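Notes follow once the structure below has been shown.
The values are calculated or read from the model by the stated rules, or taken from the named source; none is laboratory data. Model, not experiment: these values are computed from the prediction. All Cβ positions, even for glycine, are placed from backbone atoms using ideal geometry, and neighbour counts span all protein chains on display.
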Amino acid sequence: MATIALGTAQLGMRYGVVNRTGRPHIEAALALLDRAYQGGIRDLDTAQDYGDSEQVIGMWLTGGRDVRVVTKVSRMIDPTSADAVCAAAERSALRLGRVPDVVLVHDPAAIRSWQAGVGAALDAALRRGLTRAIGVSVYEPAEFAIALESADIHVVQAPFNALDRRLRRNGMLSRFGGRLYLRSVFLQGLLLADAVPARLREAKPFVEAFLAVCAAHGVTPVVGAVQYAARAAPGAALVIGCETAEQLQESLDAAAADVPGGFVEAVDSLPPPPGWVVDPRTWPPTG
C-alpha cells in the first residue's frame, strides 16, 4: 500500500492548475484533516508560504493527534542566517501549537548553498529543539544529487510523477538513505484533467499518452498516478493535496489499489516530455 502524506497548500490558499473549488472553509478543512487521519494518514506537508495552512493545522492539532508535520521556511527569509531560520521555526511552532517534526528550506537555490551556511542555519534550529529533523525541498535532479552528498540532510522532498521520471531514470531515487517525500504526483492535477488547459496545450500529447497507458491497463488516472509513483519509489511518502473529501477518499482508495503487471514498465517507456512540461514554475501564466 502506498504511503500518503497530505499536502495542505489547498487548506490555506487556492492551489492547483485545475482547482475548481478554491480554498475550503475552516470547517471543511478541519473535516478533511479528520478524514485523512481516519484513513491512516500520519504525515502532513505544509509551508509558511501556504497562506493560513499552518494555522489550520494548528487548530486541528489541539485534538492531540499523533502526526508528523513537515513545514518549510518562507522563501522570504535568508536561509543562511541561523537567527532567521530559528525565528522562522519558532513562528511555525507558534502557529502549529507544537514544534514541527521536520523543517525544510523551500528555495531551489538553497541546496546549492548548503555548505555555505544553509546547513549550519538549519542545524542551529535542530540543536535548539525547534525541530526534530532538517532537510531540503528540491526541484531539479542536480539539486537532489547535492543532497545525496550531504550526510546532515535527514529529509528530501522532490517532484516525481508519471511524466517527471528523471529521478528514476538516473537512479537517484534508490540512493537517498533518509526520509523521502515525493510531491506533484498528479502534477498539480494536470494528469487528472478532463481537458488540458489551453495555455498548456503543448503538454497534451504527453498527458494523453499517460492516460492511454492507464486505459490499456484498466486503471483510472488517479490509481495510475499514485501506483506508478509508489511502485517506482517504494518506501517514499507521496505528498497528495485534496480540495474535497471525495478527492481524498479517491486518493486513499488509489493508495490501496493494485495495477496489472507491466504497468510501471509501460509508463517508463513513454517518451519523456520537455523540461518545462514537468516544472510548473515555467508554465505560462493564467489569464
Practice task
Take Leu270 and decide whether it is farther than 14 Å from Phe160 by Cβ and either among the charged types (D, E, K, R) or part of a loop (DSSP other than H, G, I, E, B) (or both).
Solution key: yes
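Based on what the data block shows, is Val155 in contact (Cβ under 8 Å) with a residue 40 or more places away in the chain and among the β-branched types (Val, Ile, Thr)? Quick ask: steps written out before the conclusion?
Numbers: in contact (Cβ under 8 Å) with a residue 40 or more places away in the chain: yes; among the β-branched types (Val, Ile, Thr): yes.
For Val155, the condition - in contact (Cβ under 8 Å) with a residue 40 or more places away in the chain and among the β-branched types (Val, Ile, Thr) - is met.
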Handout entry: Residue within region 76-88 that is surrounded by fewer than 19 Cβ atoms within 10 Å (Cβ to Cβ), closer than 24 Å to Leu180 by Cα and among the charged types (D, E, K, R) present
Key = no
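Within region 129-137, identify whether any single residue is more than 21 Å from the chain's Cα centre (by Cα), on the phi < 0 side of the Ramachandran plot and polar (S, T, N, Q), and answer yes or no.
No, that holds for no residue.
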Exercise for the section: Could you tell me whether any residue of region 58-72 is assigned to a loop (DSSP other than H, G, I, E, B), surrounded by 21 or more Cβ atoms within 10 Å (Cβ to Cβ) and either touching a Cys at 6+ places or on another chain (Cβ under 6 Å) or in contact (Cβ under 8 Å) with a residue 60 or more places away in the chain (or both)? Expected result: no
Practice task
Tell me which residues, restricted to region 234-251, are part of a loop (DSSP other than H, G, I, E, B), of a type in the set (Gly, Ala, Ser) and at negative phi.
Solution key: Ala236
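Residues Arg175, Arg183, Arg166: which one is at pLDDT below 95 and not hydrophobic (A, V, I, L, M, F, W, C)? Before you say what the answer is, go through the steps one by one.
Working: Arg183 fails: at pLDDT below 95; Arg166 fails: at pLDDT below 95.
Matching residue, one of Arg175, Arg183, Arg166: Arg175.
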Problem - Count of residues meeting criterion [assigned to a loop (DSSP other than H, G, I, E, B) and out of contact with any helix residue (DSSP H, G or I) (no Cβ under 9 Å at 6 or more places or on another chain)] in region 178-194 - result: 2
Problem - Selection within region 189-202 - in contact (Cβ under 8 Å) with a residue 40 or more places away in the chain and either crowded, with 22+ Cβ neighbours inside 10 Å or of a type in the set (Gly, Ala, Ser) (or both) - result: Gly189, Leu190, Ala193
Fill in the blank from the handout: Among Ala212, Ala254, the single one that is buried (at least 18 other Cβ atoms within 10 Å of the Cβ) and part of a helix (DSSP H, G or I) is Ala254
